[in-house]
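The values are calculated or read from the model by the stated rules, or taken from the named source; none is laboratory data. None of the values given here were measured: they were computed from a predicted structure. Here the Cβ positions follow ideal geometry from the backbone for every residue, glycine too, while neighbour counts run over all protein chains shown. Protein only, heavy atoms only, side chains kept; ligands, DNA and RNA dropped before computing areas. Shrake-Rupley method; radii C 1.70, N 1.55, O 1.52, S 1.80 Å.
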Amino acid sequence: MHGSGKKASVKALGCRLNQYEALAMEGKLKAAGYEIVSYGEDADLGVINSCTVTNEADAKSRNAIRRFIRKNPEAMTVVVGCYSQMAANRIAMIDGVDYVIGNHDKLNFLDYLADDKPVSPVIVRERISREDFSIGFVGDPDFEQRANLKIQDGCDFMCSFCVIPFARGRARSRDWEDLFEEVGQMIRKGVREFILTGVNLGTYESKGNDFLALVEALADLQGVDRLRISSIEPTTIPEELFDMMADPGHSLMPYLHIPMQSCCDRTLAGMKRKYGMKEMTDFFDRATQAIPQLCLGTDLMVGFPGETESEFEETCDRFLELPFAYCHVFTFSERAGTPAAKMDKQLQMEEKRLRSARLRRLSAAKRMSFHEKQLGQVFRVLLENPKDEFYSGYTDHYVRVVVPQSITGLENRMALVKMEKSTPEFIEGRLLSYEGSDEGLVFP
Ligand code: SF4
C-alpha cells in the first residue's frame, strides 16, 4: 500500500468546507495505509488544504506550507485547494513544494503522487466541472459529535469582491444517493449534529430535489438528532423552514447565519449583492416572529471601495437595530480578477483597520446582551468532549455553553442546562439533567 508504515498530516485553512474536505482526505490516507498524525508532528507526507478568500488567507497558506517543510524537509509536500487553484505557479516556487493540486482533483490527490519526491513541482489544475459530484465515503474519518456535511460547492452569484467562483468553480450539488450514503455512515459512527456546508448551499439541486427537499429528507432520518444550516445566502432561504425551526421537536435548529456583507444599499449595489435593506428587514421581521428562539448571525465586510464614513455608520446603525446576535467582520481585500479589485476609491489599510475594530466591538457588545437575555432559562445542550474539567456544547439556537464536569462520561449526550453566567464568548451553565439520568430530559 502507498502509505503503509508512513505518517501523514493534513492541515486545513479557511472555511468549514475546507475542514470537511481535510477530514475526507484523512480518510483516504488511512485507507492507503498512512497513520494520521497532527500537523506539526514529524510526517512523511503533508497535505495543506489552502485558502485564498483574502490576502491574509494567502499569507496564512504560505506560512503553513513553509512551516511543514521546515519541520519535514525530506517529506512529500502537497498543496491543494483554493490558493492552489488561483496561484499554482507562485506556490510551486516555494522551495520544498512537490505537488500543487487545484480544486477539481484535490480529493483524488493520492492518484497523482509518485513514491519519491519529483525533481520539480508537479502542478495539476484541471477545469472544474459543473456536474453533480460524489465524494464516496472512504477510510475511517474521526467524526466528532457535531460534523460538517458537504452538500454543495461553487457559486454563480459573482459578487464583485469575491474570488470564490473562480477558486471553487460554478455552483454544483452533491449527488443525492452519495450524500445519504455518507449520512448513514456518520450516524453509525455516532454523529448526532449535522452541519450543512457548502459555498452557496441554498442553491442545492440534485435529481429534482432542491434545498428544502433535502432538509426535509435529512430531518426525517432516524439518528439525525440535530440539523444545522451553516451559512446561507439571503435570497436562497425557503420560508417553509420557519415552521420546522419553530417546532422544538423538529431536528432543524432555530439558527440562521446570513452573510449580509453590508447594511447600506449603496454599498450592497457596488458589491452586486442580490437584495436591498428593505427586503431583508422584512425577511428578518417574518423570521423572528415565526421562530421565537431564533438566533441570527451575519458576516459584514468593512472597507469596500468607495464606502464613505457615513455609509459605514449606516451599516453599524442597522447592525445594531436589526435582530442580529453577532457578526463576523471581514476586511475588504483586492482579489485579482474580481471587478472590485479594479474599482477606484480603494480605502487606506489604516481606515479599514479602524472600521473593523469598531464593528468587532459592536458585535461583542451585541453577543453579550444576547447572552444576558438567555440567563435563567433552561436549554438543551449537546455535550462535547470535556476539557479542563468542563463540558462545552451548543444549545439548539447555537449559544456556546460550558458546564462543570460534575459527572463524567456525559460527552455526546443531550443535557438540560440552566444558563447562569454570561460572557461575550459563552454562557456558564448548571447541569440539571441528561439523557440516561433518572429525570431524563424533562424541562423543569
Ligand atoms: S454568494 Fe457572493 S460572496 Fe458568496 S461565494 Fe458566491 S460570489 Fe462569493
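Based on the Cβ-Cβ distance of Leu441 and Asp285, what FRET efficiency does E = 1/(1 + (r/R0)^6) give at R0 = 25 Å, to the nearest 0.05? In this case the efficiency is close to 0.20.
Bridge orientation summary for the chain: considering DSSP beta bridges with both residues in this region, about 35 percent are antiparallel. Within a straight-line Cα-Cα reach of under 22 Å, Lys150 can be paired with the following lysines, leaving aside sequence neighbours fewer than 8 residues apart in one chain: Lys11, Lys28, Lys30, Lys106, Lys189, Lys207. Eigen-decomposition of the gyration tensor built on the alpha-carbon atoms of the stretch 7-124 gives equivalent ellipsoid semi-axes of 18, 16, 14 angstrom, largest listed first. Taking the centroid of alpha carbons for each part, the stretch 27-62 and the stretch 369-440 are 33 Å apart. Label reach from Lys373 (point 7 Å along Cα→C-beta): in the stretch 276-300, amide nitrogens under 15 Å belong to 284-298. For the chain, the percent of C-alpha pairs falling in each 20 Å distance bin, counted from 0 to the bin holding the largest distance, reads 23, 56, 20, 0. Under the convention that each Lys and Arg Cβ holds +1 and each Asp and Glu Cβ holds -1, the size of the dipole of the chain around its Cα centre is about 1220 debye. Taking only alpha carbon atoms, the stretch 104-255 gives an Rg to Rh ratio of 1.02, where Rh is the Kirkwood radius. The residues of the stretch 387-444 expose on average 53 square angstrom of accessible surface per residue, using a 1.4 Å probe on protein heavy atoms. Counting only protein heavy atoms and a probe of 1.4 Å, the accessible surface of the stretch 128-250 is 47% carbon and sulfur.
Within the shell defined by Cβ-Cβ distances under 14 Å, the residues around Asp175 carry a net charge of -3, with Lys and Arg each +1 and Asp and Glu each -1.
Each Lys or Arg adds one and each Asp or Glu subtracts one; over the other residues with Cβ under 14 Å from the Cβ of Glu21, this totals +3.
The residues packed around Tyr34, meaning those with a beta-carbon under 11 Å from its beta-carbon, carry a net charge of +1 if Lys and Arg are +1 and Asp and Glu are -1. Accessible area per residue for the stretch 223-355 is 40 Å², calculated with a 1.4 Å probe on protein heavy atoms, without ligands, DNA or RNA. The listed peptides 366-374, 263-271, ordered by packing as a protection proxy, come out as 263-271, 366-374 (highest mean of other Cβ atoms within 10 Å first). Inter-part distance, the stretch 152-203 to the stretch 210-262, computed on C-alpha centroids, equals 14 Å.
Protein heavy-atom accessible surface, 1.4 Å probe, per residue over the stretch 57-116: 43 Å². The heavy atoms of Met93 present about 150 square angstrom of accessible area, all protein chains included, probe 1.4 Å.
Scoring 334-341, 144-151 by mean Cβ neighbours within 10 Å over their residues and listing the highest first yields 144-151, 334-341. The accessible area of Val80, taken with all protein chains in place and a 1.4 Å probe, comes to roughly 0 Å².
Taking 4.7 Å between C-beta atoms as the pairing limit, the chain has these partnerless cysteines: Cys15, Cys51, Cys82, Cys155, Cys263, Cys264, Cys295, Cys316, Cys327. With contacts taken as Cα pairs under 8 Å at a separation of at least 6 residues, the chain carries a relative contact order of 9 percent.
If I compute solvent accessible area with a 1.4 Å probe over the protein chains, what percent of it on the stretch 254-372 is carbon and sulfur? Of all accessible area on the stretch 254-372, carbon and sulfur atoms account for 55 percent. For the stretch 378-442, carbon and sulfur atoms together expose 47% of the accessible surface, with a 1.4 angstrom probe and every protein chain in place. The label point for Arg361 and the one for Tyr275, both projected 7 Å from the Cα toward the Cβ, are 2.9 nm apart.
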